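The values are calculated or read from the model by the stated rules, or taken from the named source; none is laboratory data. Just so we're clear, the structure is a prediction, and the values are computed from it rather than from any experiment. Methodologically, a virtual Cβ is constructed for each residue, glycine included, from the backbone with ideal geometry; neighbour enumeration extends over all protein chains shown. Only protein heavy atoms, including side chains, enter the accessible area calculation; ligands, DNA and RNA are left aside. Shrake-Rupley method; radii C 1.70, N 1.55, O 1.52, S 1.80 Å.
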Amino acid sequence: MPEAGESVFLPADWRGDAKTPFDADTAFNGFISTNVVFALEQLGLFAWFDENGRLDVPEYCRAQQLDETVFRRLLSAAESFGFLVVTDGQVTPAPAWDDLRRKLGFFTWGVGGYHDVFASAASITRGERVFGKDVLRNEAMVALGSAQADLAMMRHLLDEQVAELDFSVLADLGSGISERVCRLVKSRPGARGLGLDISASATQLAAGTVERHGLTDRVQPICADVLDVLFRGRRIEGADQVDVAMSFMFLHDLLVDPSTRMDVIPALRKAFPNAHTFLLGDTTVRPRGENENLPVFSSGFELAHALMGVPIYTREEYENLFREGGLHLRRTIPFGAPHTYLFVLEAQ
Ligand SMILES: C[S@@+](CC[C@H](N)C(=O)[O-])C[C@H]1O[C@@H](n2cnc3c(N)ncnc32)[C@H](O)[C@@H]1O
């Protein structure tokens with residue numbers, strides 16, 4: 001397996017199918033079509049076609065209490081983009097549907113989660129509006145989009161790594177609704193888990209996740225700022241029993257402050273002193289100049305973080321951070337979503 005900086009075999013679809021430069025027609029229709037995909041998801045069409053081969057428009061509108069005239073126009077837009085085939089009030093998925101289904105999480109993330117941020121790009125650039133104060137993202141949609149992407153592209157890759165590990169207690173940092181920690185604990189008899197998240201509402205939802213999985217005696221969601229744990233002396237009961245610490249799509253949030261950036265990994269090791277393995281997954285900056293195509297997600301991830309004032313990193317920068325912080329990189333695994341990696345790290 002590759003050491004830091006060595007080449008990693010990249011999945012072909014990370015190169016992307018969107019050929020640049022976009023002409024104005026493609027750019028404009030791209031904006032409209034992402035909104036249409038998100039609307040179809042919200043109206044239940046992806047779930048419907050997971051179970052059914054076709055949809056009867058009047059019947060579906062009656063059952064879902066939809067305005068049939070508007071729904072038909074929406075379907076017609078989806079048909080003009082090549083997503084659906086509509087004949088005599090019957091709708092079937094077009095061949096493009098399966099790829100949209102696999103990548104649906106990015107539409108939920110982008111349109112559902114970040115539409116206000118992207119729409120405010122000019123005023124943020126002028127300094128008239130500030131992310132976090134005047135402009136917010138929709139946290140629930142970001143969490144839902146992440147969960148959809150995890151299910152479609154990442155879950156099996158993490159499970160393969162976790163299957164190789166000895167552990168009794170897992171900690172997931174920035175755990176959102178604790179779905180992942182519950183799933184992994186459930187798959188290992190006798191294991192326990194902690195899910196730490198700064199968001200009170202995510203922690204509340206996490207309590208529901210734990211209950212749904214029947215794990216109230218084994219998984220504990222904790223509302224905590226991980227930066228308090230790393231740098232401000234907040235103690236987490238049971239942290240010294242954690243043998244595998246993990247975080248997904250969250251590490252960059254810990255690295256925002258340049259004055260503590262290089263201290264984050266040593267502080268993580270100190271906060272979980274008996275963790276033998278760290279599983280850290282995050283999206284990186286897309287390498288430039290390799291070809292003229294773009295994949296899904298990368299451009300959105302990069303622009304959203306720029307507008308939020310959150311730096312993001314290359315794979316090599318992450319690997320350097322781990323090395324400097326005293327973690328041994330066992331493996332770098334392409335982690336489903338474009339330019340996203342799972343770093344498997346050993347405490348030395
Ligand atoms: C992009 S989401 C990822 C959620 C989940 N790990 C996943 O992969 O689906 C980032 C999560 O980190 C949480 N978060 C952000 N800053 C945090 C902090 N300082 N301490 C703890 N959690 C934080 C957010 O509330 C959010 O749930």
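So that you can scan it fast, the table gives a plain yes or no per residue for (1) away from the ligand (no atom under 13 Å from the Cβ); (2) closer than 18 Å to Val8 by Cα:
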position: Val244; (1), (2): yes, no
position: Leu251; (1), (2): no, no
position: Val264; (1), (2): no, no
position: Phe272; (1), (2): yes, no
position: Gly281; (1), (2): no, yes
position: Phe297; (1), (2): no, no
position: Leu303; (1), (2): yes, no
position: Arg315; (1), (2): yes, yes
position: Phe322; (1), (2): yes, yes
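I want to confirm something. Restricting to segment 165-184 and keeping residues that are hydroxyl-bearing (Ser, Thr, Tyr) and open to solvent by 10 Å² or more (accessible area, probe 1.4 Å), which single residue is farthest from the ligand (Cβ to nearest atom)? Outline the logic, then answer.
Filtering segment 165-184 down to residues hydroxyl-bearing (Ser, Thr, Tyr) leaves 168, 175, 178.
With open to solvent by 10 Å² or more (accessible area, probe 1.4 Å) added as a condition, the list becomes 168, 175.
Details: Ser168: 21, Ser175: 6 Å.
That would be Ser168.
Do you know which residues across segment 78-128 are part of a helix (DSSP H, G or I) and of a type in the set (S, T, N, Q)?
Taking segment 78-128 first, the residues part of a helix (DSSP H, G or I) are 78-80, 97-102, 104-119, 121-126.
The answer is Ser80, Thr108, Ser123, Thr125.
Residues checked against (1) of a type outside the set (A, V, I, L, M); (2) out of contact with any Pro (no Cβ under 8 Å at 6 or more places or on another chain); (3) under 30 Å from Ser199 (Cα atoms):
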position	(1), (2), (3)
Val57	no, yes, no
Asp67	yes, yes, no
Leu74	no, yes, no
Pro93	yes, yes, no
Arg102	yes, yes, yes
Thr125	yes, yes, yes
Asp134	yes, yes, yes
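Between a first residue in segment 26-45 that is closer than 20 Å to Phe71 by Cβ and in the same structural domain as Leu84 (by TED's automatic domain parsing) and a second residue that is acidic (Asp, Glu) and buried (at least 19 other Cβ atoms within 10 Å of the Cβ), which pairs have beta carbons less than 6 Å apart while being 6 or more apart in sequence or on different chains?
Listed by first residue and then by second, the contacts come to nothing, as the list is empty.
If I go through segment 185-209 residue by residue, how many of them are open to solvent by less than 10 Å² (accessible area, probe 1.4 Å) and either out of contact with any Asp or Glu (no Cβ under 8 Å at 6 or more places or on another chain) or of a type in the set (Lys, Arg) (or both)?
Total meeting the criteria: 2.
Any residue that is open to solvent by less than 50 Å² (accessible area, probe 1.4 Å), in the same structural domain as Met308 (by TED's automatic domain parsing) and within 12 Å of the ligand (Cβ to nearest atom) - is there at least one of those in segment 133-148?
no
Return the pairs, sorted by first residue and then second, in which the second residue is among the aromatic types (Phe, Trp, Tyr) and open to solvent by 20 Å² or more (accessible area, probe 1.4 Å), the first residue lies in segment 319-346 and is part of a loop (DSSP other than H, G, I, E, B), the beta carbons are less than 6 Å apart, and the residues are 6+ apart or on different chains.
Taking only residues 6 or more apart or on different chains, the pairs are Ala337/Phe297; Pro338/Phe297.
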